[in-house]
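So the structure is just underneath, and the comments pick up after that.
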Amino acid sequence: MAAKRASVIATLVLLAACVSQRDAPAGQATVDSLAGLPWDSVLARARGTDVVWRMWRGDPSINAYVDGWVVPRLRDRYGISLRAVEGQGPELVNQLVVEREAGRRTGSASLLWINGETFGNLRREGLLAGPWSARLPNAAYVDSASPIIMRDFEQDPAGYESPWGRVQSALIYDTIRTPAPPRSFAELAQWIRAHPGRFTYDQGFTATTFLKGLMYAQGGGAARFAGGFDSTRYLAARERVFAWLDSLRPALWRAGATYPPDVASMHRLFANGEIDFSMSNNQNDVVTKTRQGVLPASARAFVLRDGTIANSHYVGIPWNAPNAAGAMVVADFLLSPDAQLEKMRPDVWADGTVLDTRRLPAAWSAQFQAIETDPRQVPRDTLAKYAQPEVSPRYHERLAADWRTHVRSAVPQRSGSGR
Amino acid sequence: MNTGVAGTASRSLASLRAVLLVLFALTSIGPLLVLVVQSLGGAWFFPALFPEHWTLGAWNLMKSGDALPGALGTSVGLAMATAIVACTVAIPLGRALARLRGWPRHVAAAAAFLPVAAPPLALGTGLQVMLIGLGLGGSAAGVLIAHSVPAIGYLTLLFLGTFTVFDARVEDESRTLGATRAQTWRRVTLPLLRPQIAEALIVGFLVSWTQFALTLVVGGGEVRALPLEVFAYVRAGQDQRAAVGALLLVIPPAAAFVWLRWAARRTVVPFS
Amino acid sequence: MSGRAHQDASRGGLVGVLLALIVAAPVLAGIGYAAAASAGILGASADGASTARITRVLRDPATWSGFVWSITVAAMATGIATFAAVTAAVVFRGSRLTDRIGLALAALPLPLPQLVAAALGVWVLGQSGLLARLAFAGGWISAPSDMPALVYDRWGVGLVLTMAWKETAFLTVVASALLATRTKAAEDAARTLGANGWATFRRVTWPVLWRGLMPAVVSVFIFVAGSYEAAVLLAPSAPLALPLAIADRAADPNLARRGDAYVLTLLLLGMALVAVAAHEWARARWEPLAE
């Protein structure tokens, strides 16, 4: 009797839950309703509200910037209370998919830190609200001539994500151990053979970027790979990349039988002298990491003359964002010269700006130019000289997947060095 | 008198005890010391036996808006709530199961153990789907429910064992003497079970305290329990802060354990 | 039992089974979701029901080498932990101060989550870890590469040692509780009948002890086998441990491949179900001895 009553109640509760979700997805609805209205309406709508921002929280420097600098200013200037919580690309997509399957038209996060294939996946699944980024007042200052900002891995943001910062990948070396680092992939290969067991790369995103750089270098430049994904071109490039890796395999750390799981473990190996190079997607990581005591003080960043990959990172609004207006105001603030300048400081985050400093009022341009470069960073003009854009995310996907099956899982056939 | 074979045996047993004592001291206290040093040192690289410079930096950060104090509070709250919720459900459940015989008993006990044994990712996904549907995704309440599931499972088995050997005649006597069911429960049964309840509270606390994957999947990144912060720091290479968090992970349960053991020992009840 | 008592018992029994199933419901939901996602009905990579994904993943040799690796590592860690725990519990029986200290020391790592144990594993057992630095200070090695590779190694030695260290604490607590309560009466009886220490241990204490410990040992095995945090910090990239393979697939840039994670999860769940059955068998065998 009690059990029967309980089951009736349970059914009613479930039905009620389902019924309440039948309205339009919150995020998209807000974006649509604000589409024709002036910016002041957005500000008014956002005042006094909360915004939950899902972003990578693994770097204390970035957290300090967001929690310690951005949050108080948003509160004081716009009355918005921002809370940044953990959430990285793949889990964001998975969770939004689950939320959609469960019919959650109003989710919990209003803003997401995304780029590249995460953006591609979210767009394809229809999990982003938009378009909205063009209507931000500060969007006028964005460097719209830069292919690195206006194309996210060759994808058109189309207003569904707003640029936030840009980085360029670089290698890290120790000036004491390696006074003369190699300057190209060819020199790097020579160096690896001359110093067996002192070089490796990780299983994650950073190493795939490194391999893509190799792919460009062997293939004649990034321009050859532009214009969408070409399977034939990819397969030819993959053969060259894997041949290069295969020829060097016995000379890699642990004879190429195992690879560190992520960049942080690579930094640890590098700092402790197990390997002589590390790598990072942000050339300025070396500055923040030496300050945090993660890398030795003698560490420096450098780029190969064959080119390094530059890309931007963005913020997006999920389809079921509870507070899209607030999210837009936050995104706009992140684009402000104020916030971009602070973010660029070497002692804060050293993340590149997405603004075209020439479009800014003179006082601002001067401040951007005046930012001192830390000696550990790669000089800005060197970076610009060797910067290469990202290409279709499919190259990244395929390279990562094929590396896993063909290189990582493969037991090395020649185990001569037996280290 | 220690003579002959018996004497040799007891002497070698004594030296074994000494060796083991030293071994356990080294392997238990050693790593804790490593945590302490790691938390106080910046830039600690091979081959240095001690960090390049000592700094209270990571500990000082706790005073100002670092994630750890909040995460500590979240974990303590979750763990205490889980212990209480799980105990409250597991006691009657264990008692009901103890009366079963035959295949229902096996099925029920296996069902209770299932959430304990299930890989946290699988359990977490199932819970996530259910909780998001109920609107509890990413909330502390949802994570509490998530932690309670394996805790209830484990504690049910504990109480299943307890009530299997529990002699219910004490309760029958109390009822014959005129006590109501509630009075019997409060005045007779519960005091008899105090050591088991204490142990169950500790276990429930620890099940929630050490959870990682469940909190991550169900909390959706919003409920920041201490293990999540420590893991994020380790994955990001922030060893110093990770060590601070790790030390915070040891102290409260150690304290709770000691206190509960002491509290339980004060009730010495013969078990019939 | 009287008629009414019988009725009460069977109704209480049904309620008990139902409640226990409610506790198991999230796992069953997880199994259902994983099965549906593997078949392509649900999830980020839903592309219509088919068994193609399941067969593809199960045919991949990397899946099975990872599965076997995870099981082997878990078995070794559990074996070492059981041995150490039994030794500690037996040696530190009694109520002397040294006994209490010994047990407290053995149980000290209990509140640490696996991830802290794993982080310690990296900091202590790594080729540039604390042991290596002590060896360097003692002049036995001149570079990290001279140290044996215990982390990210094919055999998972570091992972085994670290997990064994952590789980010894748990098993010691269980074992010493068993020794303090269950075995006493039988041992006293054996001693009055004239059996000496070792014979008593072999014939009386140990059979009761291992049966009582079995359920906990099964728990430890399945914890270690399914642990993601420990594997990600200590395990090699090939063979890829099962929890790592799952995380890998779940984060695959290609959404269509994410369903693979669910197939692997079902594999892990299958192992868990076997463990549940083993646990229940062990528990049921032990119960009559507990009274």
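The values are calculated or read from the model by the stated rules, or taken from the named source; none is laboratory data. Quantities reported herein were computed from a predicted structural model and do not represent experimental measurements. Glycine gets a Cβ as well: all are built from the backbone with ideal geometry, and neighbour counts include every protein chain shown. Remember, those area values only see protein heavy atoms, side chains included, never the ligands or the DNA or RNA. Shrake-Rupley method; radii C 1.70, N 1.55, O 1.52, S 1.80 Å.
Step by step: first the residues of the range C:129-157, then only those that are over 28 Å from the mean Cα position of the chain (by Cα) and outside any helix (DSSP H, G or I), then the one that is nearest to A:Ala271 (Cα to Cα). Which residue is that?
Per the stated criteria, the residue is C:Ala143.
Does the range C:18-35 hold any residues that are surrounded by 17 or more Cβ atoms within 10 Å (Cβ to Cβ), aliphatic (A, V, I, L, M) and over 23 Å from the mean Cα position of the chain (by Cα), and which are they?
At the first step, the residues of the range C:18-35 found to be surrounded by 17 or more Cβ atoms within 10 Å (Cβ to Cβ) are C:19-20, C:23-27, C:29-31, C:33-35.
Narrowing the set further to residues that are aliphatic (A, V, I, L, M) leaves C:19-20, C:23-25, C:27, C:29, C:31, C:34-35.
Result: C:Leu19, C:Ala35.
Any idea which of C:Pro113, C:Pro109 is open to solvent by less than 40 Å² (accessible area, probe 1.4 Å), under 13 Å from B:Pro31 (Cα atoms) and not hydrophobic (A, V, I, L, M, F, W, C)? Spell out how you get there, then give the answer.
Numbers: C:Pro113 fails: under 13 Å from B:Pro31 (Cα atoms).
Residue meeting the stated conditions: C:Pro109.
For a quick check of your reading: which helices (runs of 4 or more DSSP H) sit entirely within the range C:228-291 and have at least 1 residues that are more than 7 Å from every other protein chain (Cβ to nearest Cβ), charged (D, E, K, R) and surrounded by fewer than 24 Cβ atoms within 10 Å (Cβ to Cβ)? Steps first, please.
Numbers: elements: C:228-234, C:242-250, C:259-290.
Output list reads C:242-250, C:259-290.
Restricting to the range A:186-196, what's the tally of residues that are touching a residue at least 60 places away in the same chain (Cβ under 8 Å) and open to solvent by 10 Å² or more (accessible area, probe 1.4 Å)?
At the first step, the residues of the range A:186-196 found to be touching a residue at least 60 places away in the same chain (Cβ under 8 Å) are A:188, A:192, A:195-196.
The next check asks that each one be open to solvent by 10 Å² or more (accessible area, probe 1.4 Å); those that pass are A:195-196.
Residues in the range A:186-196 being touching a residue at least 60 places away in the same chain (Cβ under 8 Å) and open to solvent by 10 Å² or more (accessible area, probe 1.4 Å): 2 in total.
Here is a yes/no grid of residues against (1) more than 14 Å from chain B (Cβ to nearest Cβ); (2) out of contact with any strand residue (DSSP E or B) (no Cβ under 9 Å at 6 or more places or on another chain); (3) buried (at least 24 other Cβ atoms within 10 Å of the Cβ):
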site	(1), (2), (3)
A:Asn284	yes, no, yes
A:Lys289	no, no, yes
A:Ala301	yes, no, yes
A:Asn323	yes, no, yes
A:Asp332	yes, no, no
A:Leu335	yes, no, yes
A:Asp338	yes, yes, no
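Among the residues of the range B:219-272, which ones are modelled with pLDDT of 80 or more, farther than 19 Å from B:Leu33 by Cβ and polar (S, T, N, Q)?
Scanning the range B:219-272 gives a single hit, B:Gln238.
When only residues in the range B:89-99 that are facing chain C (nearest Cβ under 7 Å) and open to solvent by 10 Å² or more (accessible area, probe 1.4 Å) count, which is nearest to B:Ile202 (Cα to Cα)?
Narrowing the range B:89-99 to residues facing chain C (nearest Cβ under 7 Å): B:93, B:96-97, B:99.
Then drop every residue that is not open to solvent by 10 Å² or more (accessible area, probe 1.4 Å), which leaves B:96, B:99.
Working: B:Ala96: 22, B:Arg99: 25 Å.
Selected residue: B:Ala96.
I'm checking my understanding of the structure. Among residues of the range B:49-63 that are in a loop (DSSP other than H, G, I, E, B), out of contact with any Lys or Arg (no Cβ under 7 Å at 6 or more places or on another chain) and surrounded by fewer than 17 Cβ atoms within 10 Å (Cβ to Cβ), which one is farthest from the other protein chains (Cβ to nearest Cβ)?
Applying the first criterion (in a loop (DSSP other than H, G, I, E, B)) to the range B:49-63 yields B:49-52, B:55-56.
Going one step further and asking which of them are out of contact with any Lys or Arg (no Cβ under 7 Å at 6 or more places or on another chain), we end up with B:50-52, B:55-56.
Filter again for surrounded by fewer than 17 Cβ atoms within 10 Å (Cβ to Cβ), leaving B:50, B:52, B:55-56.
Numbers: B:Phe50: 10, B:Glu52: 8, B:Thr55: 8, B:Leu56: 13 Å.
Per the stated criteria, the residue is B:Leu56.
Within the group C:Phe201, C:Phe221, which residue is closer than 30 Å to B:Thr8 by Cα, in contact (Cβ under 8 Å) with a residue 60 or more places away in the chain and open to solvent by 30 Å² or more (accessible area, probe 1.4 Å)?
Numbers: C:Phe221 fails: closer than 30 Å to B:Thr8 by Cα.
None of the other options fit; the residue is C:Phe201.
Output the number of residues of the range A:376-406 satisfying the condition of being farther than 24 Å from A:Pro147 by Cα, open to solvent by 70 Å² or more (accessible area, probe 1.4 Å) and either in contact (Cβ under 8 Å) with a residue 40 or more places away in the chain or in contact with a His (Cβ under 8 Å, 6 or more places away or on another chain) (or both).
From the range A:376-406, those farther than 24 Å from A:Pro147 by Cα are A:376, A:401-406; that's our starting set.
Checking which are open to solvent by 70 Å² or more (accessible area, probe 1.4 Å) leaves us with A:405-406.
Add one more test, that the residue is either in contact (Cβ under 8 Å) with a residue 40 or more places away in the chain or in contact with a His (Cβ under 8 Å, 6 or more places away or on another chain) (or both), and what stays is A:406.
Residues flagged as farther than 24 Å from A:Pro147 by Cα, open to solvent by 70 Å² or more (accessible area, probe 1.4 Å) and either in contact (Cβ under 8 Å) with a residue 40 or more places away in the chain or in contact with a His (Cβ under 8 Å, 6 or more places away or on another chain) (or both) within the range A:376-406 amount to 1.
Only one of A:Ala189, A:Ala207 is of a type in the set (A, V, I, L, M) and in contact with a Leu (Cβ under 7 Å, 6 or more places away or on another chain); which?
On the way: A:Ala207 fails: in contact with a Leu (Cβ under 7 Å, 6 or more places away or on another chain).
Going through A:Ala189, A:Ala207 in turn, just one is of a type in the set (A, V, I, L, M) and in contact with a Leu (Cβ under 7 Å, 6 or more places away or on another chain): A:Ala189.
Take the range B:64-88 and flag every residue that is open to solvent by 60 Å² or more (accessible area, probe 1.4 Å) and under 27 Å from the mean Cα position of the chain (by Cα).
First pass over the range B:64-88, keeping only residues open to solvent by 60 Å² or more (accessible area, probe 1.4 Å): B:64-65, B:80, B:84, B:88.
Result: B:Met80, B:Ile84, B:Thr88.
Does the range C:145-166 hold any residues that are within 11 Å of C:Leu125 (Cβ to Cβ) and away from every other protein chain (no Cβ under 11 Å), and which are they?
C:Pro148, C:Leu150, C:Val157, C:Gly158, C:Leu159, C:Val160
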